[in-house]
2 protein chains.
Amino acid sequence: MGPVCIAQESAYKDWQDFAVTTQVLANHNMLKVPQNQVAGHQAGGGNLGPLVDDSGHFYKPLQGDERGSKEVAFYTSFSLNTKVPDEIRKFFPIFYGTQLVEASDGSGLKSHLVLEDLTLGNVNPSIMDIKIGSRTWSPQASEDYIAKCLKKDRESSSLLLGFRLSGLQFYTNKEAVFRKPTKKSVQSLSAEEIKLVLKNFVSSNTSTELESKPDCAFASVVFGGPNGILSQLFELKSWFEDQTLYHFYSVSVHMMYEKQLASEGRNPRAEIKLIDFAHVDEGRGVIDHNFLGGICSLVKFISEILRATDDCPIKALNYLLGDEVENLVLSLRDKLQK
Amino acid sequence: MGPVCIAQESAYKDWQDFAVTTQVLANHNMLKVPQNQVAGHQAGGGNLGPLVDDSGHFYKPLQGDERGSKEVAFYTSFSLNTKVPDEIRKFFPIFYGTQLVEASDGSGLKSHLVLEDLTLGNVNPSIMDIKIGSRTWSPQASEDYIAKCLKKDRESSSLLLGFRLSGLQFYTNKEAVFRKPTKKSVQSLSAEEIKLVLKNFVSSNTSTELESKPDCAFASVVFGGPNGILSQLFELKSWFEDQTLYHFYSVSVHMMYEKQLASEGRNPRAEIKLIDFAHVDEGRGVIDHNFLGGICSLVKFISEILRATDDCPIKALNYLLGDEVENLVLSLRDKLQK
């Protein structure tokens, strides 16, 4: 797909960065297919899908049915909602409004959401998208839609685990190979399998296949620590225990970090964002117990992996600093035990 | 229904109080219809339902289908499970095994669960039974059962609130009148209505009808404080964030206190217990996100009532200590503002 032009659709309000959008419009920026999208409709090969530019914008075509208008309505409401704490906003992509853009399938100008490109500045991000909630449908949805979702929730891991994997990309640092399993193969994982995938996500010995004995070398820096993914999930959890503004059906947590940075002992830029808001309802005075339950389940899985890693920190040290450190630690232990 | 006799069914293991059961068997204790049961099948009028004796035992007839055997299996497993912390056991009725007992419907000897009588020692307990979880069915249930439960979850408040009221009994201290609404009238309450019921539960001005302006006079002593219901719910919540032993479908929280004691400024014996375990599954390495979400939703409602009560504590003081205190507080406030 070649570069395309952007035309302004309509004036809109933006709570944070109106100037950026204006600039995008002025530049007639070149758009291309994103390299790091692991779930959802994908552009390329004449298909309709999201596009990105070089300035950090992600263009998501509005779905023709009411999903498109519901997602715009959510982003608009959320952007303007003064009840959302600033420290929670960081978990949501910045919203720059909607624009008419040449669609990736060549069908001409089409309305797109303009969002923050979450992978901007990343070279080889490892990514997991996890759809949260044992129920992906709103009580207000149509009978047909509920039946369809319920079937999928039962066939996938959603019902049992409270979430399902909707996509992933592993960076294997030996050959710089990405692994993007197909949707079906990852959605119906068991508790043990999802634990294995999460361990592979933070391991140094990942190959093109799932490693059955992942070393979890980066668990403590990616999942753990004050800026790690678990800490971010706890922030989200606290908000969900209290907020009655929105109910997030079929929304995913997008987890990402740079394995190359982790393997160099640098800050791996571990980050979570919430994505896909085509099925958000008003909260009407009730917390989102469905989403909260799913987050708590994910927290439990990640906590267990971290706890297991804490029991054998030598492996991680070994990876980062080489065999000598492991030998040193082992000999120190021997001396202490004598 | 007249008094009935007990015959021993089989030897069984009891984790806590085997001696008590033996005594029951020896005494041929008289059984009667419980006075404070607010939900479930009720004995009396020739119906099959639970019975109690004077020694603190509650006899629940085993449901003929697999529900009966599932409930026995749960109580047996739970009683023997050393992974359940002691401080969590207090939220479950003590299990004394099963016994053959003359059924309340006159159908002869029938197998009963023998449990702790939760209302023993209470004179006029105010009670609310709340079925927890937006989903009351297990993924392993039959298609017919799932369809039936799903319909009920959608028609009641379960889907939206994450729980539904399954029964209540209010003690109105003026005329000693109990109010036991029918099941249907309480199951489909909205968020605002459930809040009103919870407020009435802890109010001094409850009448035979729901009071539209409940004074919440006892909110701080029943819901609040280190031994209050909210504190107990937080203990349960912590365990559910971690435990992967059981998944509790269609289980209720039984909340109870003595309004008479509260109105005398004494400890109102506020207490929660979990009841009804005919649909419990093994946890298989996953937390019970469905139950946890429902508990968090209930916690939010009760927290909001408490917070609102904290804003105007004069009302509660007024009830307990009379008008003079209110006048004193108001005059003090006037002086401070001058």
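Applying a threshold of 6 Å to beta carbon distances and a minimum spacing of six or more residues, or different chains, the list of pairs starting in the stretch B:207-231 at a residue that is in the same structural domain as residue B:304 (by the TED database) and ending at one that is in a loop (DSSP other than H, G, I, E, B) and open to solvent by 20 Å² or more (accessible area, probe 1.4 Å) reads B:211/B:205; B:215/B:205. The numbered conditions (1) crowded, with 19+ Cβ neighbours inside 10 Å; (2) modelled with pLDDT of 95 or more; (3) among the aromatic types (Phe, Trp, Tyr) are all true for residue A:319 except (2). When each of A:129, A:153, A:215 is tested for being out of contact with any strand residue (DSSP E or B) (no Cβ under 9 Å at 6 or more places or on another chain) and at pLDDT 90 or above, the lone residue that passes is A:215. Among the residues of the stretch A:238-266, those that are at pLDDT below 95 and polar (S, T, N, Q) comprise A:260, A:263. In the set (1) under 18 Å from residue B:135 (Cβ atoms); (2) not assigned by the TED database to the domain that holds residue A:250, residue A:94 fails one condition alone, (1).
Set side by side, the residues B:205, B:227 differ, and just one is in a loop (DSSP other than H, G, I, E, B), surrounded by fewer than 21 Cβ atoms within 10 Å (Cβ to Cβ) and under 17 Å from the mean Cα position of the chain (by Cα), which is B:227. Of all residues in the stretch B:253-288 being in contact with a Lys or Arg (Cβ under 9 Å, 6 or more places away or on another chain) and facing chain A (nearest Cβ under 9 Å), which is most open to solvent (accessible area, probe 1.4 Å)? Filtering first and then ranking leaves B:285. The set of residues from the stretch A:63-84 being assigned to a loop (DSSP other than H, G, I, E, B) and surrounded by 18 or more Cβ atoms within 10 Å (Cβ to Cβ) comprises just one member, A:84.
For the criterion of being more than 14 Å from chain B (Cβ to nearest Cβ), aromatic (Phe, Trp, Tyr) and crowded, with 21+ Cβ neighbours inside 10 Å, residue A:240 fails. Name the residues in the stretch A:140-174 that are touching a residue at least 60 places away in the same chain (Cβ under 8 Å) and assigned to a loop (DSSP other than H, G, I, E, B), would you? Passing the criteria: A:140, A:141, A:162, A:173. The single residue among A:189, A:196 that is open to solvent by 20 Å² or more (accessible area, probe 1.4 Å), more than 30 Å from residue B:163 (Cα to Cα), outside the structural domain of residue A:85 (by the TED database) and not in a strand (DSSP E or B) turns out to be A:196. Note on the stretch A:125-140: residues that are open to solvent by 30 Å² or more (accessible area, probe 1.4 Å) and over 23 Å from residue A:59 (Cβ atoms) total 2.
Here residue A:65 qualifies as more than 15 Å from the chain's Cα centre (by Cα), under 24 Å from residue A:280 (Cα atoms) and of a type in the set (Asp, Glu).
The values are calculated or read from the model by the stated rules, or taken from the named source; none is laboratory data. What you see is a predicted model; the values in this text were computed from it and never measured. Cβ sites come from the backbone with ideal geometry, for glycine too, and all protein chains shown count toward neighbours. With ligands, DNA and RNA removed, areas are computed over all heavy atoms of the protein, side chains included. Shrake-Rupley method; radii C 1.70, N 1.55, O 1.52, S 1.80 Å.
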